[in-house]
Amino acid sequence: MVIWAWIGAILVGVSLGLMGSGGAFLTIPILVYWVGLEEKVAFASALAIVGIISAVSATGYAKRSQIDWRTVAWFGLPSMLGAVFGAYSARYVPSWVQLVLFGGVLLVAAVLMLRPLKLNDAPSVPRAFWQIGLDGLLVGVVTGLVGIGGGFLIIPALVLLGGLSMTLAVGTSLMIITMNCVSGFWEYLHVLDDLQLSLDWGLIGVFSLLGIVGSLIGQKLSDYLPQQLLRRLFAVFLLLMGAFILWRNLPKLMGVFG
């Protein structure tokens, strides 16, 4: 099972490097179901891992001028505030509820990404600053609550609402994910301390290193794969993982309504 976890770590990096997202929706199930971490420890660990991998991956996109820094500022900063609030709220929410929310948001994001959209014809008029900031704040709250970087929500927001091309959205997303992870992880440390839980820093280190290798592979692949294909692959991954997580937590959900 450890070998599968390390393979999963590489896939996390490939996903982040290739699509600018997907790190957490792979990392959290791997840490919970394969490694066996307690859910809230897994959420915090995922923030650290995805943040490290995203930061390294973002440097490659920055060198190629594939980051929209205007969007990073106006979307990313409010998103950081939202992530802190979401992570703070996590101490009052049962872990299985967080997983159900996580699975549900994955399905919603997948549906958004499957909607027809001509990426090359994206709007040329930028969204108003306050609208971008509000998008970021809402995304940050959700991602902080379920312990993820938020790429699976950021990508649809940047492409469908922000008018960015998929390539530019990927690099921009990676930078925003890094910012979200830093702020969310900082608050999650307080959550774990309150619950008397601790992190496995060795696991985080190895997982991050393997993920960085995967991210370099993903960035190379992104030069050869069309944007529309990336978008469809992204949506399919979200659908499969969202359905899996909801299925695993269905008994607890049924127990609430039963």
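Can you tell which of A90, A9 is touching a helix residue (DSSP H, G or I) at 6+ places or on another chain (Cβ under 8 Å), within 18 Å of G205 (Cβ to Cβ) and not charged (D, E, K, R)?
Details: A90 fails: within 18 Å of G205 (Cβ to Cβ).
Just a single option satisfies the conditions, and that option is A9.
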Next item on the list: May I ask you to verify whether S198 is in a loop (DSSP other than H, G, I, E, B), of a type in the set (S, T, N, Q) and either touching a helix residue (DSSP H, G or I) at 6+ places or on another chain (Cβ under 6 Å) or modelled with pLDDT of 80 or more (or both)?
Entry: yes
Margin query: Among the residues of the range 199-219, are any out of contact with any strand residue (DSSP E or B) (no Cβ under 6 Å at 6 or more places or on another chain), small (G, A, S) and more than 20 Å from L31 (Cα to Cα)?
Written below: yes
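In this structure, is L229 over 26 Å from Q98 (Cβ atoms), part of a helix (DSSP H, G or I) and out of contact with any Phe, Trp or Tyr (no Cβ under 9 Å at 6 or more places or on another chain)?
Judged against the criteria, L229 is a match.
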Next item on the list: For G255, state whether it is assigned to a helix (DSSP H, G or I), surrounded by fewer than 13 Cβ atoms within 10 Å (Cβ to Cβ), of a type in the set (G, A, S) and without any contact (Cβ under 8 Å) to a residue 24 or more places away in the chain.
Entry: yes
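Report whether or not G171 is modelled with pLDDT of 85 or more, assigned to a helix (DSSP H, G or I) and closer than 24 Å to G36 by Cβ. Please lay out each step first, then the result.
Numbers: modelled with pLDDT of 85 or more: yes; assigned to a helix (DSSP H, G or I): yes; closer than 24 Å to G36 by Cβ: no.
Against the criterion (modelled with pLDDT of 85 or more, assigned to a helix (DSSP H, G or I) and closer than 24 Å to G36 by Cβ), G171 does not qualify.
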Notebook entry, point to check: Can you tell me which residue in the range 234-250 is surrounded by the fewest Cβ atoms within 10 Å (Cβ to Cβ), limited to those that are at pLDDT below 80 and over 18 Å from L168 (Cβ atoms)?
Noted result: F237
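In the list V206, V191, which residue meets the criterion of being in contact with a Lys or Arg (Cβ under 6 Å, 6 or more places away or on another chain) and either modelled with pLDDT of 85 or more or surrounded by 19 or more Cβ atoms within 10 Å (Cβ to Cβ) (or both)? Working first, answer last.
Numbers: V206 fails: in contact with a Lys or Arg (Cβ under 6 Å, 6 or more places away or on another chain).
Of V206, V191, the one residue that is in contact with a Lys or Arg (Cβ under 6 Å, 6 or more places away or on another chain) and either modelled with pLDDT of 85 or more or surrounded by 19 or more Cβ atoms within 10 Å (Cβ to Cβ) (or both) is V191.
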Notebook entry, point to check: Looking at this structure, is W186 over 16 Å from the mean Cα position of the chain (by Cα), of a type in the set (F, W, Y), closer than 24 Å to A87 by Cβ and modelled with pLDDT of 85 or more?
Noted result: yes
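The values are calculated or read from the model by the stated rules, or taken from the named source; none is laboratory data. This structure is a prediction, so every number in the text was calculated from the model and none was measured. A quick note on method: Cβ atoms are made from the backbone with ideal geometry, for glycine too, and the neighbour counts reach across all protein chains shown.
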